[in-house]
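The values are calculated or read from the model by the stated rules, or taken from the named source; none is laboratory data. Note that the structure is predicted; figures quoted are calculated from it, not measured. Backbone-built Cβ (ideal geometry, glycine too); neighbour counts: all protein chains shown. With ligands, DNA and RNA removed, areas are computed over all heavy atoms of the protein, side chains included. Shrake-Rupley method; radii C 1.70, N 1.55, O 1.52, S 1.80 Å.
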Amino acid sequence: QVQLVESGGGWVQTGGSLRLSCAASGGTFSSLAMGWFRQAPGKERQLVAAISWSGVTRHYVDSAKGRFTISRDNDKNTAYLVMDNLKPEDTAVYFCAAATSVLQAEYVEKWDFWGRGTQVTVSS
């Protein structure tokens, strides 16, 4: 049973940066695709970024391209999301997820394991 724990959320001003971390335990981290989702009030959970087990394949939502970077350190069993040039519309609860494949990453139902989320608030 894989467990995921997010950290690194907080409050930042527009244009600021945050690095989210997702620590995994209870499974073979290096074999798992990892993803970051976010959910704002009144909206559905949305894929922000995903990365394959090898780190070769990466996906980003259009609004995150050029600003967010997903990465992983398999030696530390940890995935990261570096968020630069944050905007108020990035405000949401950010969730870490894991699955056996990065295919169809945009579908919430595909992901097998979830963290509990961390709040990111970007003020004007």
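Before moving on, here are some points about what is shown:
- Filter pass, VAL82 being within 25 Å of THR14 (Cβ to Cβ), among the aliphatic types (A, V, I, L, M) and out of contact with any helix residue (DSSP H, G or I) (no Cβ under 7 Å at 6 or more places or on another chain): yes
- Candidates in the range 70-90 are the residues that are part of a loop (DSSP other than H, G, I, E, B) and open to solvent by 40 Å² or more (accessible area, probe 1.4 Å); of these, the one that is farthest from GLY42 (Cα to Cα) is ASP75.
- When GLY42 is tested against (1) surrounded by 16 or more Cβ atoms within 10 Å (Cβ to Cβ); (2) over 17 Å from LYS110 (Cα atoms), only condition (1) is not met.
- Conditions (1) under 15 Å from VAL93 (Cβ atoms); (2) not in a loop (DSSP other than H, G, I, E, B): number failed by GLU44: (2)
- In summary, GLN104 fulfils each of the numbered conditions (1) touching a residue at least 40 places away in the same chain (Cβ under 8 Å); (2) open to solvent by 80 Å² or more (accessible area, probe 1.4 Å); (3) polar (S, T, N, Q) with the single exception of condition (1).
- Index of the failed condition, ARG116 passing every other in (1) touching a helix residue (DSSP H, G or I) at 6+ places or on another chain (Cβ under 9 Å); (2) open to solvent by 40 Å² or more (accessible area, probe 1.4 Å); (3) at pLDDT 95 or above: (1)
- Scope the range 1-18; condition outside any loop (DSSP other than H, G, I, E, B), of a type outside the set (Gly, Ala, Ser) and open to solvent by less than 40 Å² (accessible area, probe 1.4 Å); matching residues: LEU4, GLU6, VAL12, LEU18
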